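Colleague: First the structure, then my questions, so here it is.
The values are calculated or read from the model by the stated rules, or taken from the named source; none is laboratory data. Owing to the predicted nature of the structure, the values given are computational and were not obtained by experimental measurement. Cβ placement follows ideal geometry from the backbone for every residue including glycine, while neighbour counts extend to all protein chains displayed. Remember, those area values only see protein heavy atoms, side chains included, never the ligands or the DNA or RNA. Shrake-Rupley method; radii C 1.70, N 1.55, O 1.52, S 1.80 Å.
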Amino acid sequence: MFDLTGKVAIVTGGNGGIGLGMARGLAGAGARVVVAARNAKKSAAAVRELGSGALAIEVDVSDESSVKALMRDAVAQCGRLDILVNNAGINIRKPPHALSLAEWRQVIDTNLTSAYLCSHAAHPQLQRSGGGKIINIGSMMSIFGAAYAPAYAASKGGIVQFTKACAAAWAADNIQVNAILPGWIDTDLTRNARDQVAGLHDSVLRRTPAARWGVIDDFRGIAVFLAGAASPFITGAAITVDGGYSIQG
Ligand code: NDP
């Protein structure tokens with residue numbers, strides 16, 4: 001039920017942070033993982049660590065032709081596609097009145113339009129495989145807002161609704177589409193946040209019943225679960241992985 005031998009997975013942003021955590025889970029369960037990100041050096045290190053035939057393909061997920069090339073090259077090198085993880089993401093921390101249109105577009109394109117581009121390009125390949133799995137990464141900002149994250153919150157709210165639309169559209173193709181909503185996880189992204197948002201580190205600890213920040217290996221299990229035969233009737237869901245952060249105010 002948790003064996004992914006013979007399956008091919010693309011993980012955008014799989015060269016670090018939560019993406020690497022999920023890639024570790026998928027590779028550990030036997031999948032061949034395509035690490036899809038911009039930084040070739042970081043991706044090469046991830047591929048070395050993952051083993052199991054993992055490979056790196058450079059991509060800018062906000063660019064349509066780059067995403068099309070990713071899909072073409074992944075299928076040319078691996079022969080098929082079964083799993084897509086739309087994980088790549090960024091944040092620009094400013095209140096709405098200080099955020100420029102270019103910054104708004106950069107965040108929306110990287111976090112939300114990317115999921116459309118990758119899913120759209122992956123769909124025919126998943127159909128060809130007889131079905132598949134798409135895992136989109138939302139956030140606590142899919143649920144809550146924050147003064148310093150207008151574009152980020154809009155993109156992550158959008159991810160949940162996009163997940164539901166794709167789940168409904170592609171159920172007949174035996175493609176299950178789900179979202180994971182991480183709580184506060186220790187990665188490069190949140191190391192910056194802790195520098196920029198006063199008191200963030202302690203307020204997360206106070207609010208999280210598990211009384212710790214998440215680590216990237218907290219995402220190994222959920223990735224395997226949503227990517228394989230254990231979750232055939234779960235689709236359109238948004239599953240929190242947050243140590244309980246979202247269950248209490
Ligand atoms: P990291 O900064 O560690 O990782 C972000 C990843 O995205 C990197 O691998 C980066 O690779 C990749 N990436 C960014 N822009 C692009 C692009 N244009 N094209 C291709 N790849 C890109 O952050 P996290 O691991 O924390 O974040 C991963 C996801 O989890 C994001 O969607 C984030 O919003 C979400 N998330 C994180 C939380 C946290 O607490 N950490 C909480 C909730 C959600 P490269 O630079 O090589 O391109």
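Colleague: Consider a paramagnetic label point 7 Å from the Cα of ALA98 along Cα→Cβ; state which residues of the stretch 177-221 have an amide N under 13 Å from it.
Modeller: Within reach of a label on ALA98: 196-198.
Colleague: Hey, another quick one. Once phi is turned into ³J(HN,Hα) by the Karplus curve 6.51 cos²θ - 1.76 cosθ + 1.60 with θ = phi - 60°, what whole-Hz value does each residue of the stretch 221-234 show in order, with x for glycine and proline?
Modeller: With coefficients 6.51, -1.76 and 1.60, one gets x, 5, 5, 5, 4, 7, 9, x, 6, 7, 10, x, 10, 9 Hz.
Colleague: If N is the number of residues in the stretch 1-88, what value comes out of its Cα radius of gyration divided by 2.2 N^0.38 Å?
Modeller: Taking N as the residue count of the stretch 1-88, the ratio is 0.96.
Colleague: Okay, next question. For GLN196 paired with LYS41, estimate the spin-label separation in nm (one decimal), with each label point 7 Å from Cα along the Cα-to-Cβ line.
Modeller: Taking the two extended label points, one gets 2.3 nm.
Colleague: Got a sec? What order do MET22, MET141 fall in by accessible area at 1.4 Å, biggest, i.e. largest, first?
Modeller: Ranking MET22, MET141 by accessible area, largest first, yields MET141, MET22.
Colleague: Then there is this: Determine the principal axes of the Cα atoms in the stretch 126-249, then give the extent along each, sorted from largest to smallest and rounded to whole angstroms.
Modeller: Dimensions of the stretch 126-249 along the principal axes of its Cα atoms: 49, 28, 26 Å.
Colleague: Using amide H atoms built 1.01 Å from N in the peptide plane, name the residues 5+ places from ILE239, or on other chains, whose amide H lies under 5 Å from its own.
Modeller: ALA179, ILE180, LEU181
Colleague: Further question on the same structure: Residue by residue, what Karplus-based ³J(HN,Hα) values in Hz, rounded to whole numbers, does the stretch 21-28 have, using 6.51, -1.76 and 1.60 with θ = phi - 60° and x for Gly and Pro?
Modeller: Values, residue by residue: x, 5, 4, 4, x, 5, 5, x Hz.
Colleague: Roughly how many whole Å is it from the C-alpha centroid of the stretch 67-107 to that of the stretch 162-187?
Modeller: Each part's Cα centre sits 15 Å from the other's.
Colleague: Here's something else I'd like to know. Kindly sort LYS41, LYS133, LYS94 by accessible area of their heavy atoms, largest first, with the probe set to 1.4 Å.
Modeller: LYS41, LYS94, LYS133
Colleague: Sticking with this structure for a sec: So what are the radius of gyration and Dmax for the Cα set of the chain, in Å?
Modeller: Cα only, the chain: 17.0, 49 Å (Rg, Dmax).
Colleague: Sticking with this structure for a sec: Total Lys pairs in the stretch 8-241 closer than 27 Å by alpha-carbon, pairs eight or more apart in sequence or interchain only?
Modeller: Step by step, the pairs that qualify in the stretch 8-241 add up to 11.
Colleague: Let me ask another. Give me the one-decimal nm value for the distance between modelled label points at SER203 and ALA146, 7 Å along each residue's Cα-to-Cβ direction.
Modeller: 0.8 nm
Colleague: Could you tell me what percent of the DSSP beta bridges with both partners in the chain are antiparallel, to the nearest 5?
Modeller: 0 percent
Colleague: Going from most exposed to least, what order do PHE162, PHE144, PHE233 have by accessible area with a 1.4 Å probe?
Modeller: PHE233, PHE144, PHE162
Colleague: Can you pull the accessible area of GLU58 for me, 1.4 Å probe, Å² to the nearest 10?
Modeller: Ignoring ligands and nucleic acids, GLU58 comes out at about 120 Å².
Colleague: If the only charges are +1 at each Lys and Arg Cβ and -1 at each Asp and Glu Cβ, what is the size of the charge dipole of the chain around the Cα centre, to the nearest 20 debye?
Modeller: About 100 debye.
Colleague: Here is a follow-up. Remind me, what semi-axes does the stretch 48-147 give for its equivalent ellipsoid, largest first in whole Å, using sqrt of 5 times each Cα gyration tensor eigenvalue?
Modeller: 29, 14, 14
Colleague: Which residues in the stretch 117-132 have a backbone N closer than 18 Å to a point placed 7 Å from the Cα of ALA168 along the Cα-to-Cβ line?
Modeller: 120
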